[in-house]
Every structure is written in C-alpha cells, then in structure tokens.
Amino acid sequence: MAAVGIIMGSDSDYGVMEEAARTLEEFGVDFEVKVSSAHRTLGRTVAWAEAFAAGGGQVIIAAAGMAAHLAGVIAGAVTLPVIGVPIQSGALAGVDALYATVQMPPGIPVAAVGINGAKNAALLAVQILAAGRPELRTALAAHRTAQAAAVEEKDRALAARRNGAKP
Ligand code: RP5
C-alpha cells in the first residue's frame, strides 16, 4: 500500500494535482492517485478511504473544486491526516472550495492548503511522514537549502541586471 493517497473529485483536477504527484516523486514517496467524488460517487469514495487506511496508507491528499466536500467527507470516514486542496473551478474560481475545505466543524480536522496548493499539500504530506522517517527529514532540509539558494541567486541576478542597466 502506498504511503500517500491523492484523491480528486474529477479528472479535470489532475492538471493542478500533477504537481503534487511530481513533488512526492521528487522525495521518493510512494503514492496512489484516485478519481472519486464526494457527491457523484459517495459510497465509492468512503470505501476507497477505508480500504486505504486499513491497508496501511498514512496520509490522504483530497482535491476538489466548487462545493468541495471531498476532503471533509474523507476526514469523517477515517482518522488518517487529510490535506484538502481547494481547486480553482466554476463561477467562484475556488473561493467556494476554499471555504468548504477550510471551514470544517470542530472534531473533524482537515489541513487545508491554498487554492490550487498542490505542491504545498505534497510537502506537508512529506513533513507528516518525516516524523517517522529520518531520511525524509534530511531530504526536506536539503529542499529548503536549495530553495533558499535559488532565492539568493535571483537576488544576485536582478542586482546584476539593474547595475548593468545603469548609464
Ligand atoms: C468538483 O467539481 C471536481 O473536483 C471538479 O473540481 C469540479 C468540476 O468537475 P467536472 O465537471 O470537471 O467533472 O467535484
């Protein structure tokens, strides 16, 4: 059984969620990808979450747009940590999904990331797994170091361009 399950309400969400898959691959974390809806296929969604938890899955990333109940329904079905990704879609462009994902009632938490926040969802999943896997803590530290170096490089490059542009 994969450590992380990425589930989304529709295949139309995969364009965004591909980045979560790429990020997990970067860290060498096993994952599975599932399309199942909280509204259109409720029983199938709950059955998947229960089987994933029973089989040893550790973290679920649930992405949905519009009236997004996927993350909340799954969080109600199993006690694994659930990270909700509100997807930008429909007339309200993700604000509806953000509110539906983040405003969970007390007792059933969902760790909501920002609209289309697939990368942060994957990084948070890695951080959760890292509590019991030292090699992931090392990889996360290296990722942060590389990220910081990239910012410093951008700062140097911009300064060089601006200095070069001066008469
Ligand atoms: C949500 O409705 C899905 O998660 C998707 O973001 C949105 C639109 O779904 P499709 O009509 O593209 O299947 O349930």
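Taken together, the values in this text are just the output of simple stated rules run on the coordinates, not laboratory data. Nothing here was measured: the structure is a model prediction, and the numbers come from that model. All Cβ positions, glycine included, derive from the backbone under ideal geometry; neighbour counts span all protein chains shown.
Annotations
- Kirkwood hydrodynamic radius of segment 64-134, from inverse mean 1/r over distinct Cα pairs, in Å: 12.3
- Between Pro106, Pro86, Pro134, the Gaussian network model of the chain with springs among Cα atoms under 10 angstrom shows the greatest mean-square fluctuation at Pro106.
- Förster-model FRET efficiency, 25 Å R0, Thr79 and Arg40, C-beta, rounded to 0.05: 0.50
- Rounded if a/c under 1.5, otherwise prolate or oblate - segment 1-144, Cα gyration tensor axes: prolate
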